[in-house]
Amino acid sequence: MQNVMINFKMRIMLFLALPLCFILWNCTVHREVNYYEGYIFNQQKQAISNIMVYEGDRPENKVFTDQSGYFQLKKPINVISNFLMVKKDTLILDSIQVVRTSAGEQVNYAFVEGRQDTLFLKIE
């Protein structure tokens with residue numbers, strides 16, 4: 001009888017410990033991203049300079065593309081925007097979805113530190 005009780009307690013502990021381990025592992029897998037970065041080209045694969053890129057949630061956090069179409073935008077600590085906005089003068093040309101989910105299970109990031117993503121714009 002005592003053996004059965006110990007076995008039952010072990011099962012309960014395992015039942016409680018596994019989800020906790022999964023949650024802790026899942027929280028530690030994601031690395032902190034310090035900035036957004038990428039390239040902006042036209043459809044002829046030519047770099048577009050002087051395009052404003054800013055966070056959709058924080059328009060004051062902005063940067064312009066350089067001669068190679070590259071931008072690097074510092075991101076606030078512990079916050080990531082869902083969208084980056086792409087603007088030329090007063091016209092919003094496009095938006096970049098930074099955070100994507102697959103069926104709510106996996107979170108993927110685009111145009112973040114180290115990814116070297118490229119946006120191709122249909123622009124004259």
Inset, instruction - For region 65-75, name all the residues that are surrounded by fewer than 17 Cβ atoms within 10 Å (Cβ to Cβ) and either more than 18 Å from Met52 (Cα to Cα) or in contact with a strand residue (DSSP E or B) (Cβ under 8 Å, 6 or more places away or on another chain) (or both). - result: Gln67, Ser68, Tyr70, Gln72, Lys74
Inset, instruction - State whether the residues of region 100-116 include one that is open to solvent by 60 Å² or more (accessible area, probe 1.4 Å), in contact with a strand residue (DSSP E or B) (Cβ under 9 Å, 6 or more places away or on another chain), at pLDDT below 95 and of a type in the set (Val, Ile, Thr). - result: yes
Legend entry - region 47-88, subset touching a Phe, Trp or Tyr at 6+ places or on another chain (Cβ under 6 Å) and among the basic types (Lys, Arg), residue nearest to Arg100 (Cα to Cα): Lys75
Inset, instruction - Give me the pairs, please: first residue somewhere in region 69-85 and over 13 Å from Pro59 (Cα atoms), second residue anywhere and assigned to a loop (DSSP other than H, G, I, E, B) and of a type in the set (Ser, Thr, Tyr), beta-carbon distance under 9 Å, and either six or more positions apart or on two chains. - result: Gly69/Ser49; Phe71/Thr65
Inset, instruction - Could you figure out which of (1) surrounded by 13 or more Cβ atoms within 10 Å (Cβ to Cβ); (2) within 16 Å of Phe120 (Cα to Cα) isn't true of Asp57? - result: (2)
Inset, instruction - Quickly run through region 45-88 and pick out the residues that are modelled with pLDDT of 95 or more and of a type in the set (Val, Ile, Thr). - result: Ile48, Ile51, Val53, Val63, Thr65, Val86
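The values are calculated or read from the model by the stated rules, or taken from the named source; none is laboratory data. What you see is a predicted model; the values in this text were computed from it and never measured. For neighbour counting, all protein chains shown are included, and Cβ atoms are generated from backbone atoms with ideal geometry for every residue, glycine included. These area figures cover heavy atoms from the full protein model, side chains too; ligands, DNA and RNA do not enter into them. Shrake-Rupley method; radii C 1.70, N 1.55, O 1.52, S 1.80 Å.
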